[in-house]
1. Report, to the nearest whole %, how much of the accessible area of the range 120-165 belongs to carbon and sulfur atoms, 1.4 Å probe, protein only.
2. Subtracting the Cα-Cα distance from 0.36 nm times the residue separation, let me have the gained length for Asp68 to Arg303 in nm, one decimal.
3. What net charge do the residues around Asp558 carry, taking every other residue with its C-beta under 13 Å from that of Asp558, with Lys and Arg at +1 and Asp and Glu at -1?
4. Give the long-range amide H neighbours of Leu532: residues separated by 5 or more places, or on another chain, with amide H under 5 Å away, using H modelled in the peptide plane at 1.01 Å from N.
5. For each pair in Lys125/Lys334; Lys227/Lys382; Lys250/Lys382; Lys250/Lys359; Lys163/Lys356, compute the distance between the two Cα atoms and list the pairs where it is over 20 Å.
6. With a 1.4 Å probe and every protein chain left in place, work out the accessible area per residue of the range 184-235 in Å², rounded to a whole number.
7. With a point put 7 Å past each Cα toward its Cβ, work out how far Glu248 is from Lys145 in nm, to one decimal.
Amino acid sequence: MLRSLVGSEMCIRDSNNTDNNNSNRTEIETENDEDDNEEEEEQEPDKNLAELQYEQLAQLDDDELWDDATRKAWRSNVNKGIVKKDWEVNRPSLYDIQELGLVPLSRTVPSFFDIDLDGNGRINKREYLLHATAMMEMPTGLAEKLERQHGIKPGDHVRWIGKFEPPWNPINSDNDSNNINTSSNVAVVRRFGRDVQGRIFVLVASEGHVGPNVTDVSFGSGYLGRKVRVQDVEISDGSGRDLSVRVEQKELSAAAVFSMFYTKVQWQDGDDQDLLMLFAKDLDRLNLTPLIPPKERAEPMTRERFVALFHRYRFQQELFHAVVSLRTKDEIAKAEHGHMTSCMGSKYCLNPQDIKNFKLSLRDVAGFSQEFRRFGRLTMQKRIGFANTLALIKAMLARRERRHTLGENKLPPIQIPTPVQRLQASATAHEYLNSAGNFKPIHGESSTVKVWSAGINAVKISNLSSETLKQPRVPVLGYQNSTLQLVMFPAAEGLAWIRFLEQVATIGGGWGSDSRSIEMGNSSVGETESILRAQQVYVNDTTARENGHGFVVVTRCDNSGVLRLIVKASMFEAT
């Protein structure tokens, strides 16, 4: 636990609580004088406040509250000074994101080595007193950095978000319009400050409040107004309205999250196409893999599977548990001790190390989350949890964007077969369908030649998205009431087949009466049949668990006008 310096500050009025004496004053002058005297007695501080603080930091008080390891490892005392390890027990380095230029956990305490002026590895009394004197000033550069980090500057309105009631009194003076508080929940900021422990405060305008004559804050003695912890206020307007980003739970539904994740590609011929699925590379680049069960990663993640997996608002919960599961034993122990991380013991909270474990950029998260930028933590419950979850999603999208290859989402125009190539395909198909030989398979296994035929109106059309081929518009032909799938390449030719079949369907009286029956056997192109269109095709039979390569042709009987779709392929068992 964080050692308290209550003993050293017991004479200083708690700046975050209202003064009961002030609130109970009456209009009787004698009672006012008595209350003022009592307040002065309560505010009379110990003149050696810094020395008392040093003595408490150098000694391990309340031994029964510390574990055996801490007691045995304690090496500091008042005479020899405070060693670094014991210093960190009192003022732990809660998180380190200095690359962002943020002030850690609202604290501005310099490092141990900056205070240890002689470099002997111990902070002695003289060095601590010099440090305490330096902390009584607020550097201009530090104040400007805090203003940018917290989005608060002098003259801004802030609203109270701490526990209990606001500690300030509203100002209704017409003489100073900049300091008028239109709501008891709102106050006007005067400046930033800090105490000897490095904790950040803001001084706000408050009617009738005057600081003590001796204090350990950089506001100086007798400051006018009320000092409040920076984590207890946030930027607002004069009416106390919440100006933070509000996110509704419906924006984090499985369907809504998927709509932010799925891939969009652009064809160089000007056609944009959205792929309603997430491929393995998307899961990796978004770092969604820890959220997806291993058995669900084998195939592209469709919208339906994603929604079923995170139905309905489970994505926020699964994301939190996935991140927490990456903690090491030491990190788990730190999270359970309130003073060791920026979450300060909160259960549903993520600290910067969690973000690093999840392979997200701290800079991205700080840019999207106000809470993380201010305090280095992400609260994952209640309404603020919605906003922080959306911040994580945006950071995941930024991660994927940085891993995109230049031009990866811009695909070249699809090559369309020339008329000569189509004629050659028809000739090759006619020879293959009327021969007993096998079409050479792409694999070395032995294959079985199979033939399917049916009337043209038994054809059904669907679409297939291929990660390998990067062709979202690959059409799939098949037979009704059948699990046979025919995939054509290139995709443009498949689209041409769809248009061709749609036009053929408008030919009156050209349909065979047995068109809905699928025949298997040695069907071939008859002497009275003409091939209207032919194409090399990939065949997949999901029922027989077979796939292969062959040809598909559309034929028309010259005598009867019957149209047939014939497929012949060398099939082998799917692996």
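The values are calculated or read from the model by the stated rules, or taken from the named source; none is laboratory data. Bear in mind that the values here come from a model prediction, so they are computed numbers and not experimental data. Cβ coordinates were reconstructed from backbone atoms using ideal geometry, including for glycine residues, and neighbour counts include every protein chain displayed. Remember, those area values only see protein heavy atoms, side chains included, never the ligands or the DNA or RNA. Shrake-Rupley method; radii C 1.70, N 1.55, O 1.52, S 1.80 Å.
1. Using a 1.4 Å probe with all protein chains present, the range 120-165 comes out at 54 percent carbon and sulfur.
2. On the way: separation 235, 0.36 × 235 = 84.60 nm, distance 5.44 nm.
The span from Asp68 to Arg303 would gain 79.2 nm if fully extended.
3. So the surrounding residues net to 0.
4. Amide H neighbours of Leu532, under 5 Å, 5+ apart: Val554, Thr555, Arg556.
5. On the way: Lys125/Lys334 30 Å; Lys227/Lys382 28 Å; Lys250/Lys382 14 Å; Lys250/Lys359 26 Å; Lys163/Lys356 31 Å.
Violating the 20 Å limit, Cα to Cα: Lys125/Lys334; Lys227/Lys382; Lys250/Lys359; Lys163/Lys356.
6. 29
7. Result for the modelled spin labels: 4.1 nm.
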